[in-house]
Amino acid sequence: MRCFPSLFIFMMCCPPPDTVPEDELLGCPDGYRHLRREEPECCGGSRPDHDVFLRQQLAILGLADGSLEFQNADPTSRADVVMFLERFLLDFDAKSVQAWRYLALSTIHDVGLRLDDWKTQWLRGVSVQVPSLLAAAVAISRRLSEAFFRIEAFHQYLIATKTVKERSVYDDIDPEEIRDDFSGPLTWYLEGVSGRNFLQFKAIPQLQRFLYPYQGLNATVSLRVSLLVLNLGDFAKAGFVTLWSLLKHRSVPLRVFVVGDAPGLASWRAAVVELEEGHEAKYLDQVEFEYVDFASSAGFQAFKREYPRECEVSEIGWALLARIVCHEFLPPDVDKVIALDLGDVVVFDDVRKLWELFDDFDDHHILAAAYVDSLHHVNGGAVLYDVRRMRERDFTALVLSAAKSALPPRSGDCIHDQSILNVLWTHWQEYGFSGLSPLMLLPCRWMVVPVAEWQMQWNTPGMWLPEVAQNLRYPGIISADHVEVYCPTALDLLSVWSFLTITTDFNRRVRRLVLDEASKPYRYCAPKTRHCCKCGERASLLHIPGDLKDWPFVTTFFGFHSPPWKVPPAAGLESALTRNFWLKNERFESEKEALIGQAEGLAETLDSQVCFSRHAKKCCLVRTKEIPGLNFNVHYQTVNLLDHAKLPLRVEFQTTAPYDGHVLIGMSGSDHVEIAVGVRNGEYSTVRWFSNGQVASLGGKQSSPMRGVLGDIVATADGAVAAGKPSVHFVVTVDEEGRMEIEYADPKAQRIANWGMYLPGPLTEVLRAGPVQYYVGTPPEMTETWVVCVPAQDRKP
């Protein structure tokens, strides 16, 4: 380091040339950039082993043997350690287990000491310090969330490295197998839980209430906002959390239409009476409740009679559909209304601001909702309806047209309003509707969903040690009343891919990939639009849909926002209306089933595959079976006529395999990705990366389209499956940036499973260049039928 004034200038100017080319020396001052090239001895000449180098530099920072005992170190010195480790992993050795361990520990050590210092100021209780105390608390909470997230990332990193080392499958590793290696970070993780909860659920909310007390309504505003909520059965108290959070931030009177069945309306009335008699009844000031039995409406009854008979709609389904034809039963003086999901939504902002978005409607807009990229659909959790335009433009006819002409051929799912919303925006042109979509997209802040989809197994509780699963939460949660859009840092992304040990020039390429991705100021963009979430943007509304409710933290979070009930709710989030809704996934209509049956017979007769066209797709029917002389666990068949594609890709698969259905997408004999659904007796799905004879697991999910189907399958005497056996369907998409998504109906969970990941940069480059080929396979003892379809335009003539 004799040529540089500090360790950090050395770090920025002397990374390995094969990882960091000269034009990418981040932070290296111009006066030193030439030294690595012209005077290599300044950078250590032949640099020692990275582990030795790591220990040497930590010793220079005063941490002998990397002990990280810096209880008495000043904040600047602690920050120097964290910064050094970040640069070491990014520029020197992304695969250093010790460096990842030190980074996790040093980050939580540092922020823990900062929190202790802050508590000292908090206990003084000087009111003039409140603004600065709050600002400091928010900054520490962000850092604390990052520290917890880094330890959680290290947990998954240990599982991933063990998977690669043992040439295993990610989901075959029991988290208990990493407990010893994870013991140090786990101790600090658990010790930090109480401090994190104190900051996020007590200190910050108290400071916010002190600085920004409830002001009541704005007497100068004549506006009254209309809301529509749906309540069935005894869900009122659990659902009221949404309205209660909204009431604490509003500045305008409310007219709330409570739509439901008789028990639902009765339970809501009882809940309102209990709150009106309580000590916080002030929040109900100028709130008028009107109760609507939608089922008795003549207009809604006519809508039901016209709805496609192919759709199997339950009573809950009809209630959900009622929201999208609310103009049929709302009073004639209602021109606009905001419909909100109950129970899994929390509002952090003045609903007046959401109402004012009606002013952004163009003439063709009738409704507005948010596109949620992590869920890959327009979400029905918060919808603005221009009721006057719905009446004037016969919106009921448009809804029926969408249901009749789009949904049954696509999925058979017609059970709730969210399906219709996605036809009206996502599939508007695809299904032949003319003109501009009647749906306007809401800003991201009005529908933030707390996901960390880039992190391996982020939504699979079984892949975490139970103590970690108990405390996992979205890193964008700053406090119970403050949630931000969290975008992954370069180190977040690096931890996901750093365990991989394949592909030439991997260090440089993965570094470039994570820096490019982390540099984006926006994330979660709606397709083909500029509607994105801004990194760090504060959420106005938080929605926790589907199986995200399974995490223990969710109960604590919603409990914080719950009204002060005298009698606790009898029903909780487990009874939320939309919790178990799932698309039935019947995407191959009856006329096509007949075509497939003919193709299957022809394929069996010719001992070959048969390809055909249907609508705007090219399809091939393939039979997988044992290939004589091939000694592999899975025997693959090439899918003909579906090659020559490149990113972006969308491939639909239907198979009779009751378990172990395997798909390869990529280059023959080179890089490809394997998706295996129904492994481990039909219960799991996994993704692996194959490259030049090596394999690495990329992740998986305790879910598959085969779960719950296996029992319906009957085997014949020769081991084949009897005719008439059921089939399952799944869809794989990969966009131009390498983001892969896998979607299917999980029969056991009774909901749509939609998950995925970013593919490694080298693999993405292969798929982007093309030509991409497809293969399907099953174990040799099975003989199964597959139908593989791609959009016709994806195939070259």
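The values are calculated or read from the model by the stated rules, or taken from the named source; none is laboratory data. What you see is a predicted model; the values in this text were computed from it and never measured. Glycine also receives a Cβ, built like all others from the backbone with ideal geometry; neighbour counts cover every protein chain displayed. Just the protein is used for accessible areas: all its heavy atoms, side chains included, with ligands, DNA and RNA removed. Shrake-Rupley method; radii C 1.70, N 1.55, O 1.52, S 1.80 Å.
Please list, in chain and number order, the residues 5+ apart from PHE4 or on another chain whose amide H is under 5 Å from its amide H, with Hs placed from the backbone.
none
For every other residue with a beta carbon closer than 13 angstrom to the beta carbon of VAL111, add +1 if it is Lys or Arg and -1 if Asp or Glu, then tell me the sum.
Local charge sum for VAL111: +2.
Calculate the dipole size of the stretch 295-338 relative to its Cα centre from +1 charges on Lys and Arg beta carbons and -1 charges on Asp and Glu beta carbons; express the result in debye to the nearest 20.
On the way: 5 positive and 7 negative charges, 4 e Å.
The dipole magnitude comes to about 20 debye.
Working with all protein chains in place, sort ASP333, ASP481, ASP261 by solvent-accessible area computed with a 1.4 Å probe, largest first.
Sorted descending by solvent-accessible area, the residues read ASP333, ASP261, ASP481.
Name the residues whose placed amide hydrogens come within less than 5 Å of the amide hydrogen of LYS248, ignoring near sequence neighbours (fewer than 5 apart) on the same chain.
Sorted by chain and number, the residues that satisfy this come to none at all.
Along the positive direction of the dipole of the stretch 82-129 (beta-carbon charges: Lys, Arg +1; Asp, Glu -1; about the Cα centre), which of TRP118, VAL97, MET83 reaches farthest?
Of TRP118, VAL97, MET83, it is TRP118.
Could you derive backbone 3J(HN,Hα) for the stretch 447-464 from the dihedral phi with the Karplus parameters 6.51, -1.76 and 1.60 (θ = phi - 60°), listing whole Hz in sequence and x where the residue is Gly or Pro?
Per residue, the Karplus-derived 3J(HN,Hα) values read 6, 8, 10, x, 10, 10, 5, 6, 7, 4, 6, 4, 10, 10, x, x, 9, 10 Hz.
I'd like the Karplus ³J(HN,Hα) series for the stretch 193-203: coefficients 6.51, -1.76, 1.60, θ = phi - 60°, whole numbers in Hz, and an x wherever there's a Gly or Pro.
Each residue's phi maps through the Karplus curve to give 4, 5, x, 5, 5, 4, 5, 7, 10, 10, 4 Hz.
Going by amide H atoms built from the backbone, whose H comes under 5 Å of the H on SER479, apart from near neighbours?
Result for SER479 returns nothing.
Short version: ³J(HN,Hα) in whole Hz for each residue of the stretch 277-292, in order, from phi by Karplus 6.51 cos²θ - 1.76 cosθ + 1.60 (θ = phi - 60°), x for Gly and Pro, what are they?
For the stretch 277-292, the Karplus curve yields 8, x, 7, 10, 5, 4, 5, 8, 4, 6, 10, 9, 9, 10, 10, 10 Hz.
For ARG388, ARG523, what's the largest-to-smallest order of accessible area, 1.4 Å probe?
Output order, biggest surface exposure first: ARG388, ARG523.
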